[in-house]
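Comments concern the structure below.
No value in this document is a laboratory result; all are computed from the given coordinates. Note that the coordinates shown come from a computational prediction; the quantities given were computed from them, not determined experimentally. Glycine also receives a Cβ, built like all others from the backbone with ideal geometry; neighbour counts cover every protein chain displayed.
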Amino acid sequence: MNTTQSDIRIGVDVTNPGQFFACCGLLELADRLWGGAEGWFDGPWFHIQSTDRGVEEAALPALLAEISKAPLTQLDPDDDFASPMLVGGPFDLTLNWWKDTIAGGSELKVWTGSMCSVRIARAMQAASRDPALHTDDLLNARMVVFDPDDADNKVEPYYFDSRRGRSANPVDVGFSPNKLDMQTMAYPAVEFLCLVGLQRCRPMPADVPRRFDYYTWTGPCRPCVLPMVVCGVLRAGRARGHQFENAFRTNRKKHKSFLPGNPIGDTQ
């Protein structure tokens, strides 16, 4: 068990790849906001501590308030479906990992050209203003998410959260919730923070198509070393590995979703 004092602690299910990469995203944004932050896993918790600020300034509600109000800019005004995005000040982070065909980012893309990715990101970010998400259980807070520019229209998530992906697969449930236009619940903190986390942190492709390995860690780490830690190349304390599938969730084999991760063994 890591005994380092942390400023923030949130509950996490590490078998849910969406939650895992959401933790990476939250650490990334904390590091940029505070000028330095470290994070680590400890059982059912993910910890973040500031390296340059006091505990009072590093509170979770303050961090989430900054995240939820940061300007989110569509960098390609002619592409509503796959444009890179800029999470503006105080973070100044460009998100474009789904355009990466060299390091495998494009293989993790779960949406297709029919889904407006920028609209989804803005809706999930705006939903994070809800006080229900400003607690250590924010990754389990679920709600129907609406378009911040049109409160009468709901917005479906990316399907990073494996709880959502598993229930949306027509093979599993016997029908397609999408085709019936069902008003279903999303996990907005997971969806938005996972989108952020995958910019720096990518899982390791497995030998099977659309399957990926990722590893937790128990020693405090800065975001700059996470690409190697997440892939299991660099150890930071005890590592727990999981493998998940970016599975097709429709019979037409276009839209995908992250499925739960299966353990692949612990390492020292």
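Residue by residue through the range 227-234, which ³J(HN,Hα) values in whole Hz follow from phi under the Karplus form 6.51 cos²θ - 1.76 cosθ + 1.60 (θ = phi - 60°), with glycine and proline marked x?
x, 6, 5, 4, 7, x, 6, 10
Mind checking the full-extension length gain between L234 and N153? Use 0.36 nm per residue of separation minus the Cα-Cα distance, one decimal, nm. Write out the running numbers ahead of the final one.
Numbers: separation 81, 0.36 × 81 = 29.16 nm, distance 4.44 nm.
Contour length minus Cα-Cα distance gives 24.7 nm.
Using Cβ contacts closer than 10 Å as the measure, can you line up S106, S128, S68, S257 from fewest to most?
Numbers: S106 13, S128 22, S68 19, S257 25.
Ordered from fewest to most neighbouring Cβ atoms within 10 Å, S106, S128, S68, S257 come out as S106, S68, S128, S257.
Put +1 on the Cβ of each Lys and Arg and -1 on the Cβ of each Asp and Glu in the range 1-141; which of T51, G104, I8 then has its Cα farthest toward the positive end of the dipole?
It is G104.
Helix check for the chain. Which DSSP H runs span at least 24 Å along their own axis by Cα, with a mean Kyte-Doolittle hydropathy no less than 0.5? Let's see the in-between values first.
Values: long enough: 17-34 (25 Å, 0.62).
For the chain, where a helix must reach 24 Å along its axis and average at least 0.5, the hits are 17-34.
So if I place +1 on the C-beta of Lys and Arg and -1 on the C-beta of Asp and Glu, and nothing else carries charge, what would the dipole magnitude of the chain be about its Cα centre? I want it in debye, nearest 20. Could you put the intermediate results ahead of the total?
Details: 28 positive and 33 negative charges, 179 e Å.
Using only the charged Cβ atoms, the result is roughly 860 debye.
³J(HN,Hα) across the range 240-246 via Karplus (A = 6.51, B = -1.76, C = 1.60, θ = phi - 60°), whole Hz, x for Gly/Pro?
For the range 240-246, the Karplus curve yields 10, x, 9, 10, 10, 10, 8 Hz.
With no solvent and one equal point scatterer per Cα, compute the Debye intensity ratio I(q)/I(0) for the range 8-267 at 0.10 Å⁻¹ and report its log10, rounded to two decimals.
Taking Cα atoms of the range 8-267 as identical point scatterers yields -0.45.
For a quick check: with amide H placed at 1.01 Å from N, whose amide H comes under 5 Å from A37's, ignoring anything fewer than 5 positions away on the same chain?
Under 5 Å from the amide H of A37 lie the amide H atoms of T51, each far enough along the sequence or on another chain.
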